[in-house]
Each structure stands twice: as structure tokens, then as C-alpha cells.
Amino acid sequence: MKTIYYIAKKEVKSSFSSPKAGVVFTVFLLLIGVFFKMFMNYALQASANPQQFGGGGGVDLNQVFKALFSNVHFLFLFFVPAVTMGLFADEKKNQTIKFLYSSPVSIWEIVLGKYFSVMFVMGLMLVATLVYPIYAQFHGDIDVGIWWSSYLGLFLLVSAQLSLGVWISSVTKTQFISCVTTIICLFMLLILGWASRSIAGGGLGGFLEYISFTSHFDNFLKGMISTTDVIYFLTFTVLFLYYSYVSLDSQRWS
């Protein structure tokens, strides 16, 4: 565990010693702020003109945050690749991956150390967004249960997405290829559930919907914490961390 901690600590320090982490944080929080203001303004307008917007009056903060968290899911398509693309691609480019392989460190410790480093970075970004539901709590009625289930869903979602990003970084040679490939894969996992309803039916449609991130994440946004959804995200995460281990282990002896 100490080795994993030191690897993760080294990676986090490396991230924050370069401008990349600051840029990622700033752009993410700026976009979240813009989305929050936009959705709040729309909700306030709907509250002031219920007949025009087809509502019953009052600001529905739960719908505001459902829309906000859905957009966070979309933003992760770009921010997850931004933090994972250089994990192993940089090591390969600089030829430092050979030092990792020859060091008295197991492949699992390397994989988990790097994974926990990006989990820490993305976790900080999620914690920073807590200011919005806390702010809203003082300006309206918000369902705390839905709030917490949504954050649990975001945590599980980003855990799975990062594991995929780590694996892609382990099998690619450049940051650019790693980034583009991760974006494409995450985008497919985002839209697969929606597309399955129009391109397939029966068992195949159900299977495509099941492997999509969206169908599982949406349940958390509704305040429903299902064992099936939790197991799905945890299984996905463990599976792609294992794939990362297999990829690096094969490269170590090749």
C-alpha cells in the first residue's frame, strides 16, 4: 500500500507542478458555473411565468441539478481523457517506462498508483462542485437524498471512466492517440443506451442499453441507488484496471 501511495503522490505532484492541472480545474469549474447559472435562470423564468413554460410555479431545484449533473457526464468525455492520456503515454515517450519495469515495484502497484492519482484529481473537481447544491439549499427546497445519490453516481461513473482511460493510455504510444481514443470510447458508452432503442430491439437492444453508462447513471439522478447499477460500475472499473495490468505485464516481458 505504501508503494501505491508514493506512486499516486508522485503523479499528483507532477500534475500540479505543470499548468495542465490548473487549466483543467479552471475550465471545468468555469463550464459548470455557466451551466448552473443557465439552468437556474431558466428555472426562475419558469417559476415567474408558469403558464408560458407549462409549469405549476415554483423553482424545481431537483430538475436544475439533474440537468447540471447530466451535463457533467458530458463534460467528463473531455476531462477524463485530459487527466489520463499522459499516464503511460508520457512514460513511453520519455523511455522512463523501462525504469518502472526494472524497479522493485509490481505492475499492480504501478496501475493502482496511477489510477488513484487521477481519481484524486477528479475527486477534487467533484468536491469543488458541492458549492452549487449548498448554495441552492439556502435559496430553495432541494431533495438531499437525490443530491447525494447523484454524487454517488458521479463518483462511480468517473471511477469507471478513469479505469478505461488508464487502460487506453497503457496500450497507446502517444497522448494524442490516447486522448482521441478515450473520447470516442466514452462517447460510445454515453450514447449506446439511447441508440439501442432505435437501432436494435429485443435482447440485443437490452444488452446495448445495459453496457451503456447512461442507463445506469440516470437512475442515480432519480434518487434510485440500485445494487445492479453499483455492481455494474464497480465491475467495469475492476475489469479495465485488470486489462491495464495485463497490457503492462505483457509489455514488460516483450
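Derivation of every value follows stated rules applied to the coordinates shown; laboratory data play no part. Just so we're clear, the structure is a prediction, and the values are computed from it rather than from any experiment. We place every Cβ from the backbone using ideal geometry, glycine too, and count neighbours over all the protein chains shown.
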Taking 0.36 nm per residue of separation between Met188 and Tyr5 and subtracting their Cα-Cα distance, the length gained on full extension comes to 62.6 nm
Per DSSP loop assignment and a cutoff of at most 11 other beta carbons within 10 Å, the chain keeps its longest run without exposed chymotrypsin sites (Phe, Trp or Tyr not before Pro) at 1-137
Straight-line reach check, Lys20, cutoff 23 Å on alpha carbons, 8 or more apart in-chain or any other chain, hits among lysines -> Lys9, Lys10, Lys92, Lys93, Lys114, Lys173
The relative contact order of the chain, taking Cα pairs under 8 Å that sit 6 or more residues apart, comes to a percentage of 25
Summing -39500 (n - 2.57) over every DSSP H run of at least 4 residues in the chain and dividing by its residue count gives a helix-only mean residue ellipticity at 222 nm, to the nearest 500 deg cm²/dmol, of -27500 deg cm²/dmol
In whole angstrom, largest first, the equivalent ellipsoid semi-axes that the Cα gyration tensor gives for region 77-227 are 32, 22, 13
Taking only the alpha carbons of the chain, the radius of gyration and the largest Cα-Cα distance, Dmax, both in angstrom, are 20.0, 69
The answer for trypsin sites (Lys or Arg not before Pro) in region 82-189 that fall in a DSSP coil and have at most 16 neighbouring Cβ atoms within 10 Å is Lys173
Note: Thr228 to Leu75 extended length (0.36 nm per residue) minus current alpha-carbon separation gives 52.6 nm
